[in-house]
1. Hey, can you tell me all the residues within the range B:153-174 that are in a helix (DSSP H, G or I) and either under 18 Å from residue A:36 (Cα atoms) or in contact with a Leu (Cβ under 7 Å, 6 or more places away or on another chain) (or both)?
2. Hey, any hits in the range B:69-86 for a residue that's away from chain A (no Cβ under 14 Å), at pLDDT 85 or above and touching a Leu at 6+ places or on another chain (Cβ under 6 Å)?
3. Return the only residue of B:20, B:61, B:104, B:111 being loosely packed, with under 13 Cβ neighbours inside 10 Å, modelled with pLDDT of 90 or more and more than 18 Å from the chain's Cα centre (by Cα).
4. Exactly one of (1) closer than 21 Å to residue A:48 by Cα; (2) within 14 Å of chain A (Cβ to nearest Cβ); (3) assigned to a loop (DSSP other than H, G, I, E, B); (4) not β-branched (Val, Ile, Thr) is unmet by residue B:3. Its number?
5. Can you name every one of the helices (runs of 4 or more DSSP H) wholly within the range A:35-125 that holds 3 or more residues which are loosely packed, with under 10 Cβ neighbours inside 10 Å?
6. Among the numbered criteria (1) over 30 Å from residue B:38 (Cα atoms); (2) at pLDDT 80 or above; (3) polar (S, T, N, Q); (4) surrounded by 11 or more Cβ atoms within 10 Å (Cβ to Cβ), which single criterion is violated by residue A:31?
Amino acid sequence: MDRLNQQNSRFEPLSDSALRAKDPDFDAWLSQQLQFDEPYLDDGGFCERVMAQLPPPSRRSERRATRAQYGAVVAASAIVAWQFPFDQVLTEAVQQTISLYSLVGLGVLASLVAMTGGIVAARRG
Amino acid sequence: MDLNDEELIRRIVKDGDQRAYGQLVRRYQSQLRFSLRQLCDGDQALADDMAQEAFIKAYKALPAFRGDARFSTWLYRIAYNLVMSHKRKNTPEVNQEAVDRAQAEESVEEAQQLGMARDLNSAMGELSDAQRQAVHLCMQRGFSHEEAASIMKLPLGTVKSHVNRARAKLQTLLQAWREEVVSG
């Protein structure tokens, strides 16, 4: 503070030439000092208070947002459908179905054989 | 993910996305509140009320924001208008109790600050209100002279003159500090 007082006592009205004489180094230094000197103000509930007082978004904006969301879902579904190998899946499903039918048929046949064998064995006995 | 101001504003206006506005409030709350505290002569409660009102007013007016200026410039313009309008209606009603309390709180911190910061504050106190605001906007906030003129609602030449005079005054007042820094 002493330094400032000393400078202050020497302070005289500024001439136009002094005003025009710009010192970029001083500007940078002053900006740096001013910014360094500035504290960060903690939120402390300020944002919540502001957000609580905002008017609700307009219905038009909400409808637009909903339409955008539906559009995104439809677009994503279209891409998935486009890329999805339906023919392979169908072929595989048919094959799996055939295999399944074969398995069921084999099971039924085995059951019939077993039942016949059982009946024959029972009659002999 | 940090989106830029333009993208956040687009989301607010087009989709009514209030969370996007929350991001903008968090981004600028400290700077704006600090600037308004200076403008409100240290009355922190008044400055915070004004900042809050400015954010709400900016949100309501956002659909009309054309993007000709930066969002921060536009927000500051709204806030400065509010404070000036409040000052006109309530001159010179400063909440002295709040100012004293703030200064008492600050004095503890100030005691820990370097002498440079104290002298810088004192030197800033030597400037006129307009000079101090012009220096704050241009040299602390980084607004251009044109942006500062738009915020302060002053002609460009007047703002330039305020900045030049303030700079010259500060240069003289802080010469000793600067010489010390330069000489190491």
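The values are calculated or read from the model by the stated rules, or taken from the named source; none is laboratory data. If you're wondering where the values come from, they're calculated on a predicted model, not measured in any experiment. Glycine also receives a Cβ, built like all others from the backbone with ideal geometry; neighbour counts cover every protein chain displayed.
1. B:164, B:165, B:166, B:167, B:168, B:169, B:170, B:171, B:173
2. Within the range B:69-86, one or more residues are away from chain A (no Cβ under 14 Å), at pLDDT 85 or above and touching a Leu at 6+ places or on another chain (Cβ under 6 Å).
3. The match here is B:61.
4. (2)
5. Where helices (runs of 4 or more DSSP H) fall fully within the range A:35-125 and carry at least 3 residues being loosely packed, with under 10 Cβ neighbours inside 10 Å, they are A:59-83, A:86-124.
6. Every condition holds for residue A:31 apart from (1).
Conditions tested, residue by residue: (1) among the aliphatic types (A, V, I, L, M); (2) more than 30 Å from residue B:116 (Cβ to Cβ); (3) at pLDDT 85 or above.
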| position | (1), (2), (3) |
| --- | --- |
| A:15 | no, no, no |
| A:39 | no, no, yes |
| A:45 | no, yes, yes |
| A:76 | yes, yes, yes |
| A:93 | yes, yes, no |
| A:99 | no, yes, no |
| A:105 | no, yes, no |
| A:114 | yes, yes, yes |
